[in-house]
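Just below is one structure, and these are the notes that go with it.
The values are calculated or read from the model by the stated rules, or taken from the named source; none is laboratory data. Just so you know, these numbers come straight off a predicted model, no measurement behind them. Positions of Cβ are generated from backbone atoms using ideal geometry, with glycine treated the same way; all protein chains shown enter the neighbour counts.
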């Protein structure tokens, strides 16, 4: 009797549910950390994105430090990224100083990085760390301030 792995079953069920609901299917994206990149060499990121396209990925994610050196020329850098034909799904960062800056400071830092990433066409910012709160509790005012700012960013407010 053939065996069906749980992961295979769940993946198949998710695709069927998405199709039944009329939702678009997930598209394959790629993390740029598979390439040897250097923040001082934007050309390496561009090469990686073109190679991802050749591998038939539809989007990419990269650490924000690989685009930040281009902030003074963000429009030109975005044009060059867009020319590769992949969606800039997200920029990745971490908040290693959370313990020092607290939740409000971490939220402000993430918001600033989101604003920078948006200049390059990124649709999202992925923030990682050991955890912003060891208890999972966040002050309501910090959550609301962060959500308000994110809504403004999505509307294109400066």
Looking only at segment 66-102, which residues are more than 18 Å from residue 123 (Cβ to Cβ) and modelled with pLDDT under 95?
94, 95, 96, 97, 98, 99, 100, 101, 102
Positions within segment 108-158 being within 13 Å of the chain's Cα centre (by Cα) and either assigned to a loop (DSSP other than H, G, I, E, B) or at pLDDT below 75 (or both), in sequence order
120, 121, 122, 123
Out of all the residues in segment 37-52, which are outside any helix (DSSP H, G or I) and surrounded by 14 or more Cβ atoms within 10 Å (Cβ to Cβ)?
37, 39
Every residue from segment 43-59 that is at pLDDT 95 or above and closer than 23 Å to residue 127 by Cβ
45, 48, 49
Single residue of segment 64-95 satisfying the filter (within 12 Å of the chain's Cα centre (by Cα) and closer than 12 Å to residue 116 by Cα) that is surrounded by the most Cβ atoms within 10 Å (Cβ to Cβ)
91
Unmet requirement for residue 23, which otherwise passes all of (1) assigned to a loop (DSSP other than H, G, I, E, B); (2) touching a helix residue (DSSP H, G or I) at 6+ places or on another chain (Cβ under 6 Å); (3) modelled with pLDDT under 85:
(2)
Just to verify a result, which residue in segment 26-36, among those that are in a loop (DSSP other than H, G, I, E, B) and at pLDDT 90 or above, is nearest to residue 121 (Cα to Cα)?
35
Sort out which residues of segment 53-64 are outside any strand (DSSP E or B) and touching a strand residue (DSSP E or B) at 6+ places or on another chain (Cβ under 8 Å), and write them in order of number.
55, 57, 58, 64
